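The block underneath contains the structure these notes are about, expressed in structure tokens.
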Amino acid sequence: MRRSRPWQFASLWWIFFVNITCGIGLLAVASPMAQETIGMDAAAAASMVGIIGVFNGGGRIVWSTVSDYIGRGRVYMLFFLLEVLAFWQLGQTREAFVFELLVLLIISCYGGGFSCMPAYLSDIFGTRQLSAIHGRILTAWGLAGVAGPSIVSYFHAQTGGYTASLYFFAACFVLNFIIAAVLKQYGQRKKETRTAL
């Protein structure tokens, strides 16, 4: 990796890690949270979990298409702005329809974060060593798979509910939005001078 670009890699790794951590954290408890916080019955909660899979996959297609038109930097900023609002509101809502809508929005952004990352890496670093760089970025996925459920479990044990973890995730996305904005402004080279690692 070029020495002139380490902060861009670290920033991308971090925003990827946070997006996956919060998404997996929500996925891990979507059904019990729906039952505990809004009184959804087990069958309805199970149905919601099934729909989550559709939005996870669909988000990858829709958001990657959107990113082709507005750019990867802007789409990540949009992800994080939406997720700040959605996680914050999720901690307050007690209506089943709003709850499901917010969960599905978050999961679509979670899926979209995966599909847009390779193209964003290409925008910043070029394509020559894209597979190697993407492999390094995916270490964030492995760590997030442990971090997300652990954070939710910790807050649940401390508070007896899910609201604190949802607010914590919202705060994480405020930081992610700032990092994404800096990357959008300063992290990409002009097309004519962009080179591979």
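The values are calculated or read from the model by the stated rules, or taken from the named source; none is laboratory data. All figures in this text were calculated on a predicted structure; none of them were measured in a lab. For neighbour counting, all protein chains shown are included, and Cβ atoms are generated from backbone atoms with ideal geometry for every residue, glycine included. Accessible surface areas use protein heavy atoms only, side chains included; no ligands, DNA or RNA. Shrake-Rupley method; radii C 1.70, N 1.55, O 1.52, S 1.80 Å.
Suppose we filter Phe169, Phe173 for residues that are under 18 Å from Tyr110 (Cβ atoms), outside any loop (DSSP other than H, G, I, E, B), in contact with a Cys (Cβ under 6 Å, 6 or more places away or on another chain) and not aliphatic (A, V, I, L, M); which single one remains?
Testing whether each residue is under 18 Å from Tyr110 (Cβ atoms), outside any loop (DSSP other than H, G, I, E, B), in contact with a Cys (Cβ under 6 Å, 6 or more places away or on another chain) and not aliphatic (A, V, I, L, M) leaves just Phe169.
Tell me the residue from Arg72, Arg60 that is charged (D, E, K, R), open to solvent by 20 Å² or more (accessible area, probe 1.4 Å), touching a residue at least 24 places away in the same chain (Cβ under 8 Å) and within 26 Å of Val146 (Cβ to Cβ), please.
Details: Arg72 fails: within 26 Å of Val146 (Cβ to Cβ).
Criteria check complete, one pass: Arg60.
Which number in (1) of a type outside the set (Lys, Arg); (2) crowded, with 19+ Cβ neighbours inside 10 Å; (3) more than 14 Å from the chain's Cα centre (by Cα) marks the one condition that Phe79 misses?
The failed condition is (3).
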